[in-house]
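For reference, the structure is listed below as structure tokens.
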Amino acid sequence: MCGIAGIAFLERKNTPIRESVFSMSRTIAHRGPDDEGFALFSENEISALGSSHTQEQVFKAGFRYSPHEKIESFSDTSCFVALAHRRLSILDLSPGGHQPMCNKEKNNWITFNGEIYNYIEIRKELQQTGVVFETASDTEVILAAYTAWGTDCVKKFNGMWSFVIYDRQKNCLFASRDRFGVKPFYYYFKNGIFCFASEQKAIRQLPFVETGINKKAVYDFFAYSEEEYEEAGFFENIFELFPSTNLVLDLNSKELTKELYYSLGINNDFVDFSESKYKQYIAQTRELFMDSIRLRLRSDVSVGCCLSGGIDSSAIAGAMNILQSKEGIHLFTAMFPNEDIDESKWAKLVADSTRSKWHTITPSGDQLFNELQDLVYCQDIPLWSTSTYAQFKVMQLVKQNGIKVVLDGQGGDELFAGYTPYFSYYWNEIAANKGGRMALQELKKKGKLSNEALYWIKENVKKKESGLLSGLKGLKKQQASYLSKNFAGQFGKRSGRNKAETLNEILAQEFVNTRLKLYLKCEDRCGMWHSVESRTPFADDLPMIENTFAIESAYKLHNGVSKSLLREATKDLLPKPIYERKDKMGYVTPNNKWLSDHKNTIKELLHKDLGEYVDLKKLHTAIDGLSGSKPEQTIVFKALTFSVWKEKFNL
């Protein structure tokens with residue numbers, strides 16, 4: 001896990017590239033405090049450089065890519081391509097893992113962020129063709145795979161990644177991002193300048209980058225609570241390379257092309273439930289789940305686990321307890337004593353059953369407002385929920401206990417159908433294929449009727465829209481009402497993004513470039529701000545993901561129980577009360593209490609230009625009306641963090 005950055009001047013510029021790439025690297029130093037490296041290229045020269053942040057043993061290592069001098073004293077102004085790397089040492093802790101790394105011919109140079117979990121298997125495959133490796137790193141495996149298979153090499157990878165390879169023979173930059181967006185990648189391409197980085201802030205601070213506020217993204221944020229659902233994000237002219245996408249920049253023709261190298265397939269067949277088939281799917285899920293954890297325990301440093309007390313993180317902790325031969329694993333939990341939302345009692349069950357070293361932290365509203373600037377800056381964009389702060393503090397706790405790597409359950413809800421609203425889609429499937437009477441029978445298996453179920457009965461039986469969609473439309477209408485008329489008037493109404501009709505369709509929609517990607521973005525930034533690598537098996541293990549989306553809906557929500565497959569597949573890993581849980585709340589915080597206790601502070605932090613975007617009168621009424629007992633009012637926190645974001649980035 002690391003931070004990457006780089007620049008290519010397609011036209012010769014007066015601005016020295018050295019200062020610019022050095023500044024980018026230092027801006028994301030938190031992503032890799034263990035090492036810093038650079039590779040600068042002119043027409044005929046390659047300069048491998050270190051810095052004052054590079055260990056002396058790296059300079060002395062003698063690899064072809066080992067730095068020969070420090071970038072602070074480098075004076076060549078003819079370079080037109082520069083790569084930078086910040087290293088968080090996880091695999092191959094030796095100087096051999098230094099980056100940017102090159103192949104033997106020094107034709108291909110890479111700066112890489114992430115982990116290729118099946119790198120050992122790929123290395124063996126390449127060795128059978130005669131490839132000789134000099135290090136134990138997955139970075140060298142990527143370089144060799146690119147030499148062997150070209151840009152198709154990424155189709156072999158199981159893991160999380162974003163990387164750029166400078167191919168000197170083809171005079172092009174090849175960039176790639178993992179299938180579902182665990183690792184970030186942003187770029188800028190204008191006026192003959194291409195630059196990229198793991199975080200927008202590294203690009204944003206360059207003096208020659210022309211950027212500002214992308215008001216369309218701001219509108220989507222306030223009206224729909226959507227962030228980075230489009231390639232154009234909050235910063236104008238800074239784009240996100242979407243997951244499952246390769247990018248090639250030809251430095252000769254100056255042409256940039258993108259190619260989708262992977263598409264997630266789903267099974268939309270409606271079938272009647274079969275007990276024998278169910279047992280088969282449970283066995284498959286169990287095997288693939290354990291394999292996913294086994295692969296993600298590959299590390300040369302200790303691996304811990306974030307634990308909320310729900311099925312996902314508890315199953316991971318249980319699997320780690322079986323697979324790790326080391327003494328007790330480290331578990332990390334955010335708790336909120338004396339709050340209804342506190343789930344620490346569930347987490348304690350897991351900690352006790354696994355005899356783990358359990359670490360807890362209790363975030364507070366005062367702490368949130370003291371660290372709000374850092375929280376927003378680390379995320380690069382405004383936030384719509386205080387839950388991100390709880391995650392931020394858990395990662396801080398991880399670092400304080402000397403752990404560099406944690407496994408987390410992000411993606412389990414979207415993969416195995418964990419959210420209550422998913423039931424509406426399954427009931428729709430039954431109604432469409434078996435009739436409303438059968439759908440009602442299935443609905444009754446859930447027991448106590450949820451709001452979604454009541455809506456479904458009222459609307460779907462009448463052949464109208466499902467209650468879930470009606471509820472979402474009502475929420476969007478409420479949020480949009482807080483926008484200033486002039487601002488809202490700049491953007492026409494759009495058709496809803498939600499076109500899903502079946503359970504697997506809504507799961508895939510939220511898995512690809514929408515909800516899950518946003519959660520993964522928060523996961524990455526919170527972890528890397530504290531120099532912690534977060535591994536998410538449910539969000540990037542390809543065999544498990546593809547197998548799960550090939551399973552019909554009838555086996556995912558069975559007998560009114562969510563995550564049916566995962567529950568049964570990991571039953572022996574879970575304390576019985578957690579296996580039987582049906583009340584998991586998600587990753588929640590005392591949002592309303594925190595905000596209502598700091599009303600005056602919120603008003604003081606509102607940006608002077610906020611009135612361009614939000615109806616200030618309505619916003620102040622909402623702030624004054626904040627109460628710990630009322631439903632969450634997301635507009636206040638969204639307006640607050642948007643204001644802080646504008647101030648922090650001087651926009």
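No value in this document is a laboratory result; all are computed from the given coordinates. Every value quoted in this text rests on a predicted model; they were computed, and no experiment measured them. Here the Cβ is made from the backbone with ideal geometry for all residues, glycine too, and neighbour counts use every protein chain on show.
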Exercise for the section: For Lys215, list the aspartates and glutamates whose Cα falls under 17 Å from its own Cα; do not include residues on the same chain fewer than 8 positions away. Expected result: Glu226, Glu227, Glu228, Glu230, Glu231, Glu236, Glu240, Asp380, Asp609, Glu612, Asp615, Glu647
Problem - Angle in degrees between helix 138-149 and the longest Cα principal axis of the chain, rounded to the nearest 10 - result: 80
Completion exercise
Checking rank on 21-30, 273-282, 364-373, 381-390, with mean other Cβ inside 10 Å and highest first, the result is 381-390, 21-30, 364-373, 273-282
Fill in the blank from the handout: Among segment 198-214, those whose backbone N falls under 19 Å of a label point 7 Å along Cα→Cβ from Glu230 are 200, 210-214
Completion exercise
For the pair Lys254 and Phe270, the simple spin-label estimate (label points 7 Å beyond Cα toward Cβ) gives in nm 5.6
Completion exercise
The extension gain from Phe208 to Glu546, computed as 0.36 nm times the residue separation minus the Cα-Cα distance, is 117.4 nm
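Filter Lys183/Lys517; Lys445/Lys582; Lys348/Lys556; Lys216/Lys603 down to the pairs with a C-alpha to C-alpha distance above 19 Å, please.
Working: Lys183/Lys517 10 Å; Lys445/Lys582 13 Å; Lys348/Lys556 27 Å; Lys216/Lys603 25 Å.
Going by Cα-Cα distance, Lys348/Lys556; Lys216/Lys603 fall outside the 19 Å limit.
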Problem - Full-extension gain in nm, Asn433 to Glu121, via 0.36 nm per residue minus C-alpha separation - result: 107.9 nm
Exercise for the section: Note the angle between two axes, namely the Cα long axis of helix 344-354 and the longest principal axis of the Cα atoms of the chain, as a number of degrees from 0 to 90, rounded to the nearest 10. Expected result: 70
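Percent relative contact order of segment 591-648, based on C-alpha pairs within less than 8 angstrom and at least six residues apart? Numbers along the way, then the final one.
Details: 45 pairs, mean separation 30.1, N = 58.
Averaging sequence separation for qualifying contacts and normalising by length gives 52 percent for segment 591-648.
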Practice task
Beyond 23 Å between alpha-carbons counts as too far, so tell me which of Lys124/Lys170; Lys201/Lys521; Lys393/Lys571 fall in that bin.
Solution key: Lys124/Lys170; Lys393/Lys571
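Efficiency by 1/(1 + (r/R0)^6): what FRET value for Tyr261 and Asn559, r their Cβ-Cβ distance, R0 = 51 Å, to the nearest 0.05? All intermediate terms of the calculation are to be shown ahead of the outcome.
Working: r = 39 Å, r/R0 = 0.76.
With a Förster radius of 51 Å, E is 0.85.
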Fill in the blank from the handout: Residues other than Asp92 with Cβ under 15 Å of its Cβ, Lys/Arg counted +1 and Asp/Glu -1, net out at -4
Handout entry: Using a Förster distance of 35 Å, the FRET efficiency for Gln128-Lys60 (Cβ separation, nearest 0.05)
Key = 0.55
Exercise for the section: Starting from the Cα of Lys254, draw a straight line to each of the aspartates and glutamates and keep only those under 17 Å, dropping any in the same chain fewer than 8 residues away. Expected result: Glu11, Glu43, Asp167
Problem - Net length gained if the chain between Glu580 and Asn650 were fully extended (0.36 nm per residue, minus Cα distance) - result: 20.2 nm
Handout entry: Nitroxide proxy distance, nm - points 7 Å out along Cα→Cβ at Arg294 and Lys571
Key = 2.3
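What number, in percent, do you get for the relative contact order of the chain if the mean sequence gap of Cα pairs under 8 Å and at least 6 apart is divided by its residue count? Don't skip to the answer; put the middle values down first.
Details: 1217 pairs, mean separation 95.9, N = 651.
For the chain, the relative contact order is 15 percent.
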Fill in the blank from the handout: Rounded to the nearest 500, the 222 nm mean residue ellipticity computed for the chain from DSSP H runs (n ≥ 4, each -39500 (n - 2.57)) alone is -11500 deg cm²/dmol
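Between Lys277 and Asp152, what FRET efficiency follows from the Cβ-Cβ distance if R0 is 60 Å, with the result rounded to 0.05?
On the way: r = 34 Å, r/R0 = 0.57.
The computed FRET efficiency comes out at 0.95.
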